[in-house]
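Following: one structure in structure tokens, then a few remarks.
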Amino acid sequence: MSLKRLDKLLCATGRWSRREVKELIRQGRVRADGRPAARPEDKYDPETVRFTVDGAAVDCSPFVYVMLHKPAGLLSATEDAGQPTVLDLLPPELRRRGLFPVGRLDKDTTGLLLLTDDGDLAHNLLSPKKHVDKVYLAQVEGTVDEEDAAALAAGMELGGGLRCLPAGLEPLGDGSCCLVTLREGKYHQVKRMLAARGKPVRSLHRCSMGPLALDKSLLPGKWRFLTGQERAELREIGSGQ
């Protein structure tokens, strides 16, 4: 990792302006690995150095990764003039980082949503060539069966000649619920595939994306930063394929 100026690292968090950062450093309120930072122009490796301001840890990593339990009723967008978006659930300093959703969930779809400013990682997670599974829990009208599973596994053709990659379908319980696994993310794909099978979706919830599973302790509307292990597992998708 290349070294970065301290003032730029702290400004990039969105919490302080360049002028405010310089004043914090002058007052001795910024520490790097426990030692007072001397000058704004001093350079550090943000991946290995631990920064604090007034004793509170500050994450100066070049990218931010946030796991959100998306509730129903919010748009998976960065902004909208008339409706609330998932970014409205985050504090101002994170919204200023320029985070965006990795793959959109419909307004009424709930579950795992990854927010980041890492464009390369987002591309790898969404590219069909990377074969990153996205698993959804669907509640349907009617009962899914093995014929439905075979149809999805064969790769369905939807309206307008849209051809889908083979997908997985696992009936649960009495068949009114199922797990659907996609390796792509076409518009309303799960709903369109099941509707084409005569099993309209009543509710849809994303459980996982690749190695990243929704934290069961996160209530709808709540979020947390990814752990170091989770970040490493996601990065392997780009380096390993």
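Scanning the stretch 182-191 for residues that are modelled with pLDDT under 95, buried (at least 17 other Cβ atoms within 10 Å of the Cβ) and over 17 Å from the mean Cα position of the chain (by Cα) gives a single hit, Gln189.
Considering only the stretch 14-36, I want to know if a residue exists there that is closer than 17 Å to Asp118 by Cα and either surrounded by 19 or more Cβ atoms within 10 Å (Cβ to Cβ) or among the small types (Gly, Ala, Ser) (or both). Scanning the stretch 14-36 turns up at least one residue that is closer than 17 Å to Asp118 by Cα and either surrounded by 19 or more Cβ atoms within 10 Å (Cβ to Cβ) or among the small types (Gly, Ala, Ser) (or both). Quickly run through the stretch 19-37 and pick out the residues that are among the basic types (Lys, Arg) and touching a residue at least 12 places away in the same chain (Cβ under 8 Å). Listed by number, the residues that qualify are Lys22, Arg29, Arg31. Taking the listed residues Asp120, Asp148, Asp106, the one that is surrounded by 14 or more Cβ atoms within 10 Å (Cβ to Cβ), touching a residue at least 24 places away in the same chain (Cβ under 8 Å) and part of a helix (DSSP H, G or I) is Asp148, with no other qualifying.
From the list Leu162, Leu218, Leu204, the one residue that fits, being within 30 Å of Ser61 (Cβ to Cβ), among the aliphatic types (A, V, I, L, M) and surrounded by 12 or more Cβ atoms within 10 Å (Cβ to Cβ), is Leu218.
Residues of the stretch 51-102 that are in contact with a strand residue (DSSP E or B) (Cβ under 9 Å, 6 or more places away or on another chain), exposed (fewer than 13 other Cβ atoms within 10 Å of the Cβ), within 24 Å of Asp7 (Cα to Cα) and modelled with pLDDT under 90: Ala57, Asp59. Looking across the stretch 12-38, the residues that are within 13 Å of Val58 (Cβ to Cβ), outside any strand (DSSP E or B) and touching a strand residue (DSSP E or B) at 6+ places or on another chain (Cβ under 9 Å) come down to Ala12, Thr13, Arg15, Trp16, Val21, Leu24, Ile25, Arg29, Asp33, Ala37. Glu170 meets all of the listed conditions (1) assigned to a loop (DSSP other than H, G, I, E, B); (2) of a type in the set (Asp, Glu); (3) under 19 Å from Arg202 (Cβ atoms) but one, namely (1). In the stretch 158-181, of all residues being among the aliphatic types (A, V, I, L, M) and at pLDDT 95 or above, the one that is farthest from the chain's Cα centre (by Cα) corresponds to Leu172.
The values are calculated or read from the model by the stated rules, or taken from the named source; none is laboratory data. The structure displayed is predicted, hence computed values, not measured ones. Heads up, the Cβs are rebuilt from the backbone with ideal geometry, glycines too, and the neighbour counts pull from every protein chain shown.
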